[in-house]
Amino acid sequence: MELTIMQHGDEAGHSTLALAGSIDLTTRQSLVDAGVGALTEGALLTLDMADVEFIDSTGIGSLLELGRIAAANGARVEISRRSPRVARVLEVTGLDSTWPAATTEAGSFTGDR
Amino acid sequence: MGNGVDGLEESHELPTVPDSIAAARSIVLGLGTGLPQCVRDDAALLVSELMSNTVRHGGDTALLTATLHDGLLRVAVHDDGAGLPAMQERVPDLSTTSGRGLQIVDRVADRWGVELDDGGPGKTVWFQLDAAAAPHAVADGASGATHDVRSDVRSDVPGDETSVPTEEREDRSAWS
């Protein structure tokens with residue numbers, strides 16, 4: 001299963017990536033690359049993960065990497081919709097409180113104290 | 001085939017390349033067609049973690065063995081690599097983008113462990129999921145709110161079988 005990434009640059013400074021498929025070791029880099037590209041166009045990147053059928057810890061790592069890159073550039077990443085599998089793995093990793101369904105400030109997952 | 005089938009077994013030798021991670025998920029999903037969807041999905045998640053670790057740190061090939069007996073799914077991944085999975089004591093820092101694989105295995109699997117090869121550097125990492133013990137087996141699985149199925153908090157073991165958590169700790173003490 002592959003990962004399909006559709007970009008919508010619907011507003012100035014705000015891009016949305018709609019993700020569908022699997023996020024694992026095979027596809028994580030394409031997500032990071034697409035996210036970095038989208039972040040050059042604005043300070044807010046929204047990930048629509050409603051159609052993500054599979055994600056594992058490697059995929060979670062790519063989300064965190066994107067968040068870290070965004071924070072280093074004064075931008076932030078938010079997750080809008082999420083599939084049950086995404087919700088499940090965020091919950092198991094304890095990231096659901098860090099990364100709630102609502103907008104998450106970049107600083108909250110950069111590890112800054 | 002269908003519900004309630006006992007004694008299914010699959011054994012596959014897979015190259016330790018990234019594409020084998022999805023292949024391993026497909027094998028486990030195929031074996032568990034009679035299991036609740038949430039158990040199948042969790043099994044796919046766990047085997048993805050095991051195979052990812054093998055692809056990163058294992059030898060050239062991995063042996064995936066999956067058995068399903070009376071609702072108990074056991075999946076094992078053997079490789080010849082010397083690297084052992086390490087369980088971090090603390091939840092990974094949010095700035096850390098890796099290290100969550102075994103955290104997932106530990107929280108989702110009913111039991112899991114590592115067995116070292118005799119006289120060689122290889123090892124087998126395995127996990128079990130018990131469909132009968134999954135508290136979310138009767139739920140729709142969408143909310144993700146009550147998914148903790150660690151055996152040490154499992155409360156629905158019937159009758160007087162109260163010794164299961166002890167075995168679990170023995171499994172881990174060998175290498176944690």
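What follows draws every value from the coordinates through simple rules; no lab data is involved. Please read these numbers as outputs of a predicted model, since none were measured by experiment. Here Cβ is always computed from backbone atoms with ideal geometry, including for glycine, and neighbour counts include all displayed protein chains.
I'm a student and want to see the number: the projected area of the Cα convex hull of the stretch A:3-101, averaged over all directions, in nm².
Answer in nm², one decimal: 5.3.
Around A:SER22, with a cut-off of 13 angstrom between Cβ atoms, what is the net charge of the other residues, counting Lys and Arg +1 and Asp and Glu -1?
Numbers: positive: A:ARG28, A:ARG85, B:ARG25; negative: A:GLU2, A:ASP24, A:ASP51, A:GLU53, A:ASP56, B:ASP19, B:ASP41.
Within the 13 Å Cβ shell, the charges total -4.
Provide, in order from the shortest bin, the percent of all Cα-Cα pairs of the stretch A:5-46 in each 10 Å bin, continuing until the bin that contains the maximum pair distance.
For the stretch A:5-46, the pair-distance distribution reads 31, 53, 15, 1.
Is it possible to state the helix-based mean residue ellipticity at 222 nm for chain A, with each DSSP H run of 4+ residues giving -39500 (n - 2.57), the sum divided by total residues, to the nearest 500 deg cm²/dmol? What is it?
-10000 deg cm²/dmol
Please order B:HIS57, B:HIS78 by the number of other Cβ within 10 Å, starting at the fewest.
B:HIS57, B:HIS78
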